[in-house]
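In what follows, a single structure is set out as structure tokens and then discussed.
The values are calculated or read from the model by the stated rules, or taken from the named source; none is laboratory data. Here the structure is a predicted model, which means the values were calculated and not measured. Note that each Cβ is placed from the backbone with ideal geometry, even for glycine, and that neighbours are counted across all protein chains shown.
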Ligand code: PLP
């Protein structure tokens, strides 16, 4: 620590110098998160000081959190659902498996079945909870199908995880099939909709052929949503939704003090800014606003795909959401060369011949044109 504190001007200079090393959004093609919506930012600034760990002081902020979970439950077609606001998809996925395990004390060596491209947060969750993750092969569109899961079910199977929008490819598992299987086998089906939860309901309203990722599928027991991705809220905003209100007793932890709330999620002291920001953007945009945002994202995804095809590039698979994967043999070397020109792009460690481009709110046509120009200069097909 410094002996003497810096002046406000020195602090501002230090911050500006460090912030200047961050990449501008206009060069970011790898991020499922984006600049928060201005409504979310404004609400967050007003509420950064609040603490959802003490709802006697912050009773109004606690109501905001409650209203967010109600709205998210309704969006996910769960009129009786219970929502927990958490820090993001990782915490929501961890809690989902924790709930599944608490509900089945008869299973002592629990196994979780998921597709090969399951997000690594579920690997973390299994490690922490002492569960075994078994991964199933995917179909040609990189989706998990029921038959592949069925082949892995054992008496120790605790849960199935379906992904509504894989991080790497935006592929949506066959959730309708997984739901039927979970019902038939009496298994917990958790849907990780961190990527697609704020795309799929609106894309379906626009007529896109995607399965629902919500409680209208009767076999779905829990859902992860990430307002800090396509929900346009601030980081850290995540949510776990459970189909019904009956929480397993083991999830509850009482605090030391009378008249303070029982805890159900991992964090204690936490800012209410994420709840306020999420409420502001949910209510400010409404369903129609998210549909408009989704329409715009798909239009720019189509513009990118068209541009790639016009330049002679092939896609690895047809994009279901707003993630475009270009088949390129030297993808990693190319991603490094692009990074030297300022572009931040991902290459899957599993499929190293694919350059992954994420279309989010900050990606516009001018950015796509500039990117295609540099891509073509570095790697003409
Ligand atoms: N699940 C999926 C499908 C994701 O895409 C991500 C993040 O990209 C996560 C879980 C983890 O979410 P977070 O980074 O918010 O913890």
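Per-structure values
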read-out: Failed condition for residue 277, given (1) within 23 Å of residue 56 (Cβ to Cβ); (2) more than 19 Å from the chain's Cα centre (by Cα); (3) buried (at least 21 other Cβ atoms within 10 Å of the Cβ); value: (2)
read-out: Residue among 327, 331 that alone is at pLDDT below 95 and buried (at least 19 other Cβ atoms within 10 Å of the Cβ); value: 331
read-out: Yes/no for residue 206 being surrounded by fewer than 24 Cβ atoms within 10 Å (Cβ to Cβ) and under 15 Å from residue 321 (Cβ atoms); value: yes
read-out: Matching option when the condition is without any contact (Cβ under 8 Å) to a residue 40 or more places away in the chain and either at positive phi or assigned to a helix (DSSP H, G or I) (or both), among 307, 284, 312, 289; value: 289
read-out: Test: residue in the range 84-95 that is crowded, with 18+ Cβ neighbours inside 10 Å and at positive phi; value: yes
read-out: Test: residue in the range 116-125 that is buried (at least 24 other Cβ atoms within 10 Å of the Cβ), in contact (Cβ under 8 Å) with a residue 60 or more places away in the chain and under 14 Å from the mean Cα position of the chain (by Cα); value: yes
read-out: Residue that is within 12 Å of the ligand (Cβ to nearest atom), buried (at least 16 other Cβ atoms within 10 Å of the Cβ) and in a loop (DSSP other than H, G, I, E, B), where the choices are 211, 236; value: 236
read-out: Matching option when the condition is more than 16 Å from the ligand (Cβ to nearest atom) and at pLDDT 95 or above, among 102, 85, 94, 72; value: 102
read-out: All helices (runs of 4 or more DSSP H) inside the range 116-189 with 3 or more residues being more than 16 Å from the ligand (Cβ to nearest atom); value: 146-150, 175-185
read-out: Considering residues of the range 239-264 that are touching a helix residue (DSSP H, G or I) at 6+ places or on another chain (Cβ under 6 Å) and assigned to a loop (DSSP other than H, G, I, E, B) only, the residue farthest from the ligand (Cβ to nearest atom); value: 248
read-out: Residue count for the range 339-381, restricted to those that are free of Cβ contacts under 8 Å to residues at least 24 places away in the same chain and either within 23 Å of the chain's Cα centre (by Cα) or assigned to a strand (DSSP E or B) (or both); value: 3
read-out: Among (1) within 26 Å of residue 297 (Cα to Cα); (2) in a loop (DSSP other than H, G, I, E, B), the one test that residue 49 misses; value: (1)
read-out: Some residue of the range 167-174 being in contact (Cβ under 8 Å) with a residue 12 or more places away in the chain, over 20 Å from the mean Cα position of the chain (by Cα) and surrounded by fewer than 24 Cβ atoms within 10 Å (Cβ to Cβ); value: no
read-out: Which numbered condition residue 269 misses (of (1) loosely packed, with under 15 Cβ neighbours inside 10 Å; (2) in contact with a helix residue (DSSP H, G or I) (Cβ under 9 Å, 6 or more places away or on another chain); (3) touching a residue at least 24 places away in the same chain (Cβ under 8 Å)); value: (2)
read-out: Flag if residue 201 is out of contact with any strand residue (DSSP E or B) (no Cβ under 8 Å at 6 or more places or on another chain), buried (at least 21 other Cβ atoms within 10 Å of the Cβ) and under 23 Å from residue 86 (Cβ atoms); value: yes
read-out: Criterion violated by residue 221 - all others in (1) assigned to a loop (DSSP other than H, G, I, E, B); (2) more than 15 Å from the ligand (Cβ to nearest atom); (3) buried (at least 19 other Cβ atoms within 10 Å of the Cβ) satisfied; value: (1)
read-out: Candidate set from the range 47-62 (those that are more than 20 Å from residue 254 (Cα to Cα) and out of contact with any helix residue (DSSP H, G or I) (no Cβ under 7 Å at 6 or more places or on another chain)); member that is farthest from the ligand (Cβ to nearest atom); value: 60
read-out: Residue match in the range 153-160 (condition: touching a residue at least 40 places away in the same chain (Cβ under 8 Å), surrounded by 24 or more Cβ atoms within 10 Å (Cβ to Cβ) and either under 20 Å from the mean Cα position of the chain (by Cα) or not assigned by TED's automatic domain parsing to the domain that holds residue 278 (or both)); value: yes
